[in-house]
Amino acid sequence: MDIFIQQIINGLVLGSIYALVALGYTMVYGIMGLINFAHGEVVMIGAMVALTVINLLLGSGLPGVVMALIGLAAAVPVCMATGFAIERIAYRPLRNAPKLAPLITAIGVSIVLQNVAMLVWGRNYHAFPPILPSVDFEVFEATITGVQVAIIAIAALMMIGLTLLVQRTRLGRAMRATAENPSIAQLMGVDTNRIISLTFVIGSSLAAVAGFMVSANYSIAHYYMGFILGLKAFTAAVLGGIGNLAGAMLGGILLGLIESLGAGYIGDLTGGFLGSHYQDVFAFFVLILVLVFRPSGLVGEKVAERA
Amino acid sequence: MLEVTGLRVAYGGIQAVRGINFHVAEGEMVALIGANGAGKTSTLKALARLLNAAGGSVRFRGEEISKLAPHALVSAGIALVPEGRGVFPRMSIVENLQMGAYCRSDKDAIAADIEHIFGLFPRLKERARQMAGTMSGGEQQMLALGRALMSRPKMLLLDEPSMGLAPIMVQKIFEVIRTVASEGMTVLLVEQNAKLALETSQRGYVMESGEITLTGDAADLLSDPKVRAAYLGE
């Protein structure tokens, strides 16, 4: 039982991170029908920038939490700028090109960013210094760390904030209008290019926070970390129904739970033949199942469009 | 108010609009009629900057607007009700109307204008929170017209407002168009239903294969034997 609860906790933490990253995929897809495969790299850049800044601050004598927050505060604008630049340089010139062109470009951008990161930060793993207070809480015989509590809480706040932004504000309406029909949105006076830029910027800020969370929770960052994380978050977005914000959140949390429970029990279920390092299998198994049986995702259904 | 000279629109090598001239005076309602494929919608799309014109000039209240960004047109004072209505199907009626007022920041006046639109089309009020995509074609046309009015335009461009609607709906829509026009709105009305369009407008232009072939007072055009033969089925 304690293992089950523990895996649920781990799954929620992992799922919160997936959800934040998946939102970036789903927002961009919703608004321009593009799968931005470079999004995982933005997460990686967020982790790397935060770590770099924190390492620079290590001797400063500041409290650990303050250092972490400064690191995060540095990562967010860098990622926003990266997201903005990716759209401007790589995707905007291809706005009217056949769909395949921006997709291939996205993979290209992903490779370029990985290699730039490798040149800047090297090939080695970077450790997240133990600056955050280690507080553990006991929940039904399982343990949840203070960092994990913070991750779940911050992710929840950001998801609520994004939902309110999209559903309740003028900017959110413009984003939804652009997603539904860009030319009609222009007729209403919406500068759709600006809305698309903003979508990338908002998605990238979520990615920055997610990157920081990953490195803080697993104490590690690496120039290659964005690739697999990006693919999994993309899977989460597809699971929920790509283009749908609530779907991305649900898909992220579910995928985190599936992975965590799968990794926790795969050893027992296969009599020790497969171990928890097969964790990654679950995400892609889920992706295949969704694509075969419910390509529109769990909540990705269309409102009937009559007349 | 609107002065179009030598407007040309081309798709690839095919010329859809071949250098047309027309104008709409302030407070006037003008019909642009013609058969399917005559170039009417292309003309409107070029005016609304949804298409790049291949040449010619479009002046609105003395200013050249043919090079404006598409989203700048609303602020200039032009609202287009597009062919096929183009409501946002997954947004509510109220949200669609709010989108019409996107360029305005006067919150109280926007709320008052929404009530005004509800007054014109009580049907919309009944369904205020419903998704626009679930409404009938006629209701969507009401919404599209109401949404265009929400920007408080100086000129309305209407693209085939009667298309695909039941006669009773057409009547209702045109009733509102007449009301709006009688309150001083400048209107350019593009219609395949030539009789209806000419009965509603003061002047008309007849378009054929990308050219304007006939123009005059709506009443004269209605009694013109050529128009009667070609567009009124007589």
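The values are calculated or read from the model by the stated rules, or taken from the named source; none is laboratory data. Bear in mind the structure is a predicted one, so any value in this text is a computation, not a measurement. Don't worry about glycine lacking a Cβ; one is built from the backbone with ideal geometry, like all the others, and counts go over all protein chains shown.
With respect to residue A:235, determine if the residue is assigned to a helix (DSSP H, G or I) and either in contact with a Lys or Arg (Cβ under 9 Å, 6 or more places away or on another chain) or under 15 Å from residue A:34 (Cβ atoms) (or both). So residue A:235 does not fit the description; no. All conditions in (1) loosely packed, with under 15 Cβ neighbours inside 10 Å; (2) at pLDDT 95 or above hold for residue A:135, with the sole exception of (2). Filtering segment B:176-234 to residues that are more than 18 Å from residue B:159 (Cβ to Cβ) and of a type in the set (A, V, I, L, M) leaves B:214, B:218, B:219, B:221, B:222, B:227, B:229, B:230, B:232. If I ask for residues that are of a type outside the set (Lys, Arg) and touching a Leu at 6+ places or on another chain (Cβ under 8 Å), which ones from segment B:220-231 would you list? Passing the criteria: B:221, B:222, B:224, B:227. Using the structure shown, decide if residue B:92 is surrounded by fewer than 21 Cβ atoms within 10 Å (Cβ to Cβ), within 14 Å of chain A (Cβ to nearest Cβ) and either closer than 30 Å to residue B:195 by Cβ or out of contact with any helix residue (DSSP H, G or I) (no Cβ under 6 Å at 6 or more places or on another chain) (or both). In short, yes. Condition (residue is of a type in the set (Ser, Thr, Tyr), surrounded by 20 or more Cβ atoms within 10 Å (Cβ to Cβ) and over 16 Å from the mean Cα position of the chain (by Cα)) applied to segment A:173-185: is it met by at least one residue? Yes, segment A:173-185 has at least one match. Of the residues making up segment A:91-146, those that are within 21 Å of residue A:45 (Cβ to Cβ), in a strand (DSSP E or B) and among the hydrophobic types (A, V, I, L, M, F, W, C) number 1.
Only one entry of B:67, B:40, B:45 meets the criterion of being basic (Lys, Arg), more than 14 Å from chain A (Cβ to nearest Cβ) and closer than 19 Å to residue B:144 by Cβ, and that entry is B:40.
When B:7, B:51 are checked against the criterion of being farther than 28 Å from residue B:226 by Cα and buried (at least 16 other Cβ atoms within 10 Å of the Cβ), a single residue qualifies: B:51. Kindly evaluate residue A:257 against the criterion of being surrounded by fewer than 21 Cβ atoms within 10 Å (Cβ to Cβ) and within 20 Å of residue A:2 (Cβ to Cβ). It is true that residue A:257 is surrounded by fewer than 21 Cβ atoms within 10 Å (Cβ to Cβ) and within 20 Å of residue A:2 (Cβ to Cβ). Checked against (1) more than 17 Å from the chain's Cα centre (by Cα); (2) buried (at least 18 other Cβ atoms within 10 Å of the Cβ), residue A:55 meets all criteria but (2). Considering the conditions (1) within 10 Å of chain A (Cβ to nearest Cβ); (2) assigned to a loop (DSSP other than H, G, I, E, B); (3) out of contact with any Gly (no Cβ under 8 Å at 6 or more places or on another chain), residue B:103 is excluded by exactly one of them, (3).
Of all residues in segment B:11-48, exactly one satisfies the criterion of being loosely packed, with under 15 Cβ neighbours inside 10 Å and charged (D, E, K, R), namely B:26.
Across segment B:196-216, what is the total count of residues that are surrounded by fewer than 16 Cβ atoms within 10 Å (Cβ to Cβ) and either modelled with pLDDT of 95 or more or part of a helix (DSSP H, G or I) (or both)? The number of residues fulfilling the criteria is 1. Residue check: residue A:207 meets all listed conditions (1) over 22 Å from residue A:146 (Cα atoms); (2) away from every other protein chain (no Cβ under 14 Å) but one, namely (1). Applying the condition of being more than 17 Å from the chain's Cα centre (by Cα), within 9 Å of another protein chain (Cβ to nearest Cβ) and polar (S, T, N, Q) to segment B:126-162 and asking which residue is surrounded by the fewest Cβ atoms within 10 Å (Cβ to Cβ) yields B:136.
Selection within segment A:220-236: residues that are small (Gly, Ala, Ser) and closer than 19 Å to residue A:74 by Cβ. The member of this set that is surrounded by the most Cβ atoms within 10 Å (Cβ to Cβ) is A:226. Filtered by the rule that a residue be of a type in the set (Gly, Ala, Ser) and either facing another protein chain (nearest Cβ under 9 Å) or in a loop (DSSP other than H, G, I, E, B) (or both), segment B:70-89 gives B:72, B:75, B:77, B:79, B:84, B:86. Within segment B:217-234, the set of residues being charged (D, E, K, R), exposed (fewer than 14 other Cβ atoms within 10 Å of the Cβ) and not in a loop (DSSP other than H, G, I, E, B) comprises B:217, B:226. Among residues of segment B:80-135 being free of Cβ contacts under 8 Å to residues at least 12 places away in the same chain and among the small types (Gly, Ala, Ser), the one that is nearest to residue B:190 (Cα to Cα) is B:119.
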